[in-house]
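The values are calculated or read from the model by the stated rules, or taken from the named source; none is laboratory data. Keep in mind that this is a model prediction, so the values were computed, not measured. Cβ atoms come from the backbone with ideal geometry, glycine included; neighbour counts cover every protein chain shown. Heavy atoms of the whole protein, side chains included, go into the accessibility calculation; ligands, DNA and RNA do not. Shrake-Rupley method; radii C 1.70, N 1.55, O 1.52, S 1.80 Å.
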Amino acid sequence: SLHDALPIWAGGGGAARAARTAPWRRRRPRARKWRGDAERAFAAVAQTTPVGTWHSVDDETGKPSAEIKLSLKGDELVGIIVKGLLPPKEGDELNCTQCADDRKDKPKRGLEIIRGLKLTPGTDRWEGGTIIDPNKGKIYKLRMVLQEGGAKLQVRGYLGIFYRTQTWTRVSPSARIN
C-alpha cells in the first residue's frame, strides 16, 4: 500500500515497521523499573549494617591486607577471613600457630576472627564481641561503628586500657579483587 511505502517521517510505514522490529528493540515493560527500585532499596538497607565484605588494613603499609566477610549468626555478628591481599612476608605462617583457643593451627583463610559482636540497642555501635589477630594470636575486645553512610567501618580492638583502631573499607561487588 502507499501508506507502507512512505518513509516514517512522512507518516508512513508505521504498522509494517512495528511488525519488523526485532523483539530486543521493543520497549521493555515497566516491571524492570520496579525490580531496579527494589534492588536499590535492598542495597541501601545493606549499607546500614556491617554485614558484607570488607578490606582490612595492614598497620605497617596502610594498604588493604585481607578480605573479611561479616555475617549474622542469629543476632551476633561474625567475621571470617575470605582471602589475603598482600604477598606473604618472610616467615609468615599459613596457619594460626599463635592462637591459643579452638582456632590454634587452623588455616588463616576461612578463620573466624570476629565472634560474638552484638548491636547495642539505641545506637549504631556493635560491641561485646572479640577479634583475634591471627599473626600474633592476641584476642581483643571489639567495637565497630559504621562511618560515611556504611562505606567505611571503624574497627577498634581493646586489650585492657590499650586499643588499636583501623578503618576498613566496604568492598562493592564490582570492585572485588580476585
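Numbers for the structure displayed
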read-out	value
Check on G110, out of contact with any Ser or Thr (no Cβ under 6 Å at 6 or more places or on another chain), of a type outside the set (S, T, N, Q) and not in a strand (DSSP E or B)	yes
Matching residues in the range 112-131 - criterion: being open to solvent by 30 Å² or more (accessible area, probe 1.4 Å) and touching a residue at least 24 places away in the same chain (Cβ under 8 Å)	E112, R115, K118, L119
Flag for R115 being charged (D, E, K, R), under 25 Å from T61 (Cβ atoms) and assigned to a strand (DSSP E or B)	no
P87 vs. criteria outside any strand (DSSP E or B), more than 19 Å from T48 (Cβ to Cβ) and touching a Lys or Arg at 6+ places or on another chain (Cβ under 6 Å)	no
Subset of the range 57-78 that is of a type in the set (S, T, Y) and over 16 Å from T130 (Cα atoms) - its residue that is modelled with the highest pLDDT	S65
Odd one out for P134 among (1) in a strand (DSSP E or B); (2) surrounded by 16 or more Cβ atoms within 10 Å (Cβ to Cβ)	(1)
Test: residue in the range 153-175 that is surrounded by 15 or more Cβ atoms within 10 Å (Cβ to Cβ) and in a loop (DSSP other than H, G, I, E, B)	yes
G14 being at pLDDT 90 or above and either touching a Pro at 6+ places or on another chain (Cβ under 6 Å) or open to solvent by less than 100 Å² (accessible area, probe 1.4 Å) (or both)	no
Of all residues in the range 58-111 being without any contact (Cβ under 8 Å) to a residue 24 or more places away in the chain and hydrophobic (A, V, I, L, M, F, W, C), the one that is surrounded by the most Cβ atoms within 10 Å (Cβ to Cβ)	A66
